[in-house]
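The values are calculated or read from the model by the stated rules, or taken from the named source; none is laboratory data. For clarity, every value in this text was computed on a predicted model and none was experimentally measured. Cβ: placed from backbone, ideal geometry, glycine included. Neighbour counts: every protein chain shown. Surface accessibility is based on the protein's heavy atoms, side chains included, excluding ligands, DNA and RNA. Shrake-Rupley method; radii C 1.70, N 1.55, O 1.52, S 1.80 Å.
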Amino acid sequence: MPNAHPTATRYDSPSIILHWLSAFLIVLQFVLGETWHWPPRPIHHLMVVAHLSIGVILSVLIPLRLWWRITRGRHFAAQLAPVDRFFTLGMESSLYGLLCAEIVLGYAWRWGAGQAISFFGLLIHAPFAPLPHETVVIFKTLHSWTAWLIIGLACGHALAALVHQYLLKDGVLARMLPHRTPTTP
Ligand code: HEM
Ligand code: HEM
């Protein structure tokens, strides 16, 4: 995997854009899924359609992000001490793995239940026949639990970034921020 250029102090623009766009959409997905039972039916329905549409966007965005990370994206893992590198790469791989699983489970749940996925009104029908009810319940349970795992890990990850930036003052957060933000040399 490519490493950062020795003089680079921040991530490349595509990595920064992909990180913040996907982080925003993932948090939005979680909030939609956990709150759509509160409002009455028309709004509830709109929230479900929004979740499915963003789900389709994420199912393109996350593989794109992984591909960029593996092929051309800049990263700084090699500059870390071995213990830090172990935890950083462990956390990042777990997040990527859980996100891929969550996407597959979302499709499997919806299509397994014999329902189409609405992408802003355009219906994407299941490529397979409906699955037994018990199987769909397993997908539902796994999708719900994985969502909590992703958000838990992402919160720990964000907290670590803030500790690095404001307590350790080593500029870790600044290298994931847009170009005008100063970084620590
Ligand atoms: C990281 C991204 C995602 C997160 C954090 C997430 C989170 C959630 C949450 C918290 C729920 C509510 C679970 C419950 O009621 O117990 C839910 C439901 C659901 N999600 Fe996701 N989800 C994500 C991606 C996706 C994707 C990619 C799809 C498929 C396109 C999808 C399809 C669904 C479906 C079909 C439901 C049930 C909708 C209904 O009740 O009719 N999700 N999701
Ligand atoms: C759902 C929310 C989030 C997800 C899924 C997520 C995921 C990730 C992943 C997978 C990486 C590794 C990037 C790479 O491929 O090299 C990363 C890096 C990073 N993230 Fe996040 N992130 C989220 C939210 C946040 C937040 C809220 C912050 C800041 C408060 C943050 C700060 C950072 C920083 C500073 C890095 C670079 C770390 C380093 O260079 O060692 N992230 N994030």
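So the values come out like this:
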item: Any pair with Cβ under 7 angstrom, 6 or more apart, that starts in region 93-117 at a residue that is at positive phi and ends at one that is at pLDDT 95 or above and open to solvent by 20 Å² or more (accessible area, probe 1.4 Å); result: 114/126; 114/130
item: Top-ranked residue of region 79-105 - restricted to ones that are open to solvent by less than 60 Å² (accessible area, probe 1.4 Å) and more than 14 Å from residue 150 (Cα to Cα), ranked as farthest from ligand 1 (Cβ to nearest atom); result: 81
item: Members of region 118-136 that are at negative phi, under 23 Å from the mean Cα position of the chain (by Cα) and loosely packed, with under 15 Cβ neighbours inside 10 Å; result: 124
item: Region 15-35: number of residues that are open to solvent by 30 Å² or more (accessible area, probe 1.4 Å) and more than 9 Å from ligand 2 (Cβ to nearest atom); result: 5
item: Subset of region 66-78 [surrounded by 15 or more Cβ atoms within 10 Å (Cβ to Cβ) and either modelled with pLDDT of 90 or more or more than 23 Å from residue 26 (Cα to Cα) (or both)]; result: 66, 68, 69, 73, 76
item: Count of region 49-78 residues which are within 16 Å of ligand 1 (Cβ to nearest atom) and touching a residue at least 40 places away in the same chain (Cβ under 8 Å); result: 11
item: Condition check for residue 100: within 15 Å of ligand 2 (Cβ to nearest atom) and touching a Pro at 6+ places or on another chain (Cβ under 9 Å); result: yes
item: Filter result for residue 63 (within 15 Å of ligand 2 (Cβ to nearest atom), in a helix (DSSP H, G or I) and either more than 29 Å from residue 173 (Cα to Cα) or open to solvent by 50 Å² or more (accessible area, probe 1.4 Å) (or both)); result: yes
item: Pairs, first exposed (fewer than 13 other Cβ atoms within 10 Å of the Cβ) in region 36-48, second part of a helix (DSSP H, G or I), C-beta under 9 Å, six or more apart; result: 37/44; 38/44; 39/46; 39/47
